[in-house]
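Structure first, commentary second.
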Amino acid sequence: MKFEYIPKIRAQESFGYIDFPDKFYRFIDEFNIVGVRWLQPTTISASYFLRVLQEGSSAKARGYGRGNNKENDELSIQMQDFYHPLLDHGALWKVKNDNVICTAMPYGDRESITDGFYRMVNMFHYPETMKMEFLDDKYRFRINGDHMIAIYCDSSQENFNPNCSDKELRRKAIQHSAQGFLRYQTTTGSYVRDRYVSEYAKRRAHGICQLCDKPAPFSDCDGNPFLETHHIIWLADGGADSIENTVALCPNCHRKMHTLNLSEDVEKLLKIATIAD
Ligand SMILES: [Zn+2]
Ligand SMILES: [Zn+2]
């Protein structure tokens with residue numbers, strides 16, 4: 001699926017769809033958005049909609065080439081019923097790392113919108129990993145619509161396989177990294193941590209603490225060096241549950257970070273987490 005690049009400034013003029021540019025850019029920044037497809041999600045087929053949310057922007061339309069446009073997306077009228085209750089003012093967004101989420105700004109109260117979502121899930125037999133969240137009004141960049149919602153596939157519900165190959169682990173950790181914001185918004189109090197991100201951080205440390213550079217002090221029952229994963233910018237402070245924000249530390253250094261959180265240590269770890277892969 002093709003996405004339009006989002007200019008860093010003057011989006012209001014270029015898109016003509018945005019009433020509140022500051023809210024628009026808050027949404028773009030906090031959700032790591034890099035591209036947009038403004039066309040109604042209801043113009044693609046129900047199965048393509050699911051594939052795009054599951055597989056990201058690389059998901060291919062099947063049977064395209066109808067109509068004038070050779071790049072035509074898989075078109076359908078299946079989803080038209082959900083235009084009003086759910087997908088009004090809808091758009092698809094390409095997130096950093098190629099994930100795709102859908103937003104819409106439907107009219108109505110929360111109950112009727114939630115009801116519309118579950119009717120859609122039932123009608124097309126969408127999996128339980130498809131989720132809907134109400135986003136805060138601080139992101140609603142249009143006058144239209146009573147609410148802003150996000151629909152996405154929650155990869156944190158995938159079964160974690162601790163024995164997956166390095167390649168598979170890296171692919172999943174990168175993919176899951178981009179969904180952090182939506183995922184931990186769903187819980188209250190404690191944050192959900194992605195196991196693929198955590199496992200990836202540990203594996204790439206190769207048993208060496210990334211702060212003091214010493215080997216892990218002991219091995220666990222399975223013989224793996226014991227390190228703990230740490231979010232450099234704490235989740236409570238808005239840090240992402242992503243591989244760029246996660247390191248593996250020995251228990252001493254982990255305590256040190258939570259007690260002192262020295263800025264030179266934070267800087268060192270941020271550098272390591274960014275360049276480590
Ligand atoms: Zn250490
Ligand atoms: Zn920590």
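Each reported figure results from applying straightforward, stated rules to the coordinates on display, with no laboratory input. All of these numbers come straight from a predicted model, not from anything done at the bench. We place every Cβ from the backbone using ideal geometry, glycine too, and count neighbours over all the protein chains shown.
For LYS8, a cut-off of 26 angstrom between C-alpha atoms picks up these lysines, skipping any fewer than 8 places away in its own chain: LYS23, LYS94, LYS96, LYS138, LYS271.
Charge tally around CYS253: other residues with Cβ under 15 Å, Lys/Arg +1 each, Asp/Glu -1 each, net 0. Look at the alpha carbon pairs under 8 Å that are at least 6 residues apart: their mean separation over the length of the chain gives a relative contact order of 14 percent. Here the spin labels are modelled as points 7 Å beyond Cα on the Cα-Cβ line, and at LYS60 and ARG203 they lie 2.7 nm apart. This model, with +1 at the C-beta of Lys and Arg and -1 at the C-beta of Asp and Glu, gives the chain a dipole about its Cα centre of some 680 debye. Only Cα pairs under 8 Å and 6+ residues apart enter the sum, and on that basis the relative contact order of segment 4-153 stands at 25 percent. For LYS2, give me every one of the aspartates and glutamates with a C-alpha distance below 17 angstrom, ignoring sequence neighbours fewer than eight places off in its own chain. Filter leaves GLU55, GLU71, ASP73, GLU74, ASP98.
Taking 7 Å steps out from each Cα toward its Cβ at TYR17 and CYS164 produces label points 3.1 nm apart.
Label positions at THR259 and ARG119, each projected 7 Å from the Cα along the C-beta direction, are separated by 5.9 nm. Put simply, when 196-202, 234-240, 53-59 are sorted by average Cβ atoms within 10 angstrom per residue, most first, you get 196-202, 53-59, 234-240.
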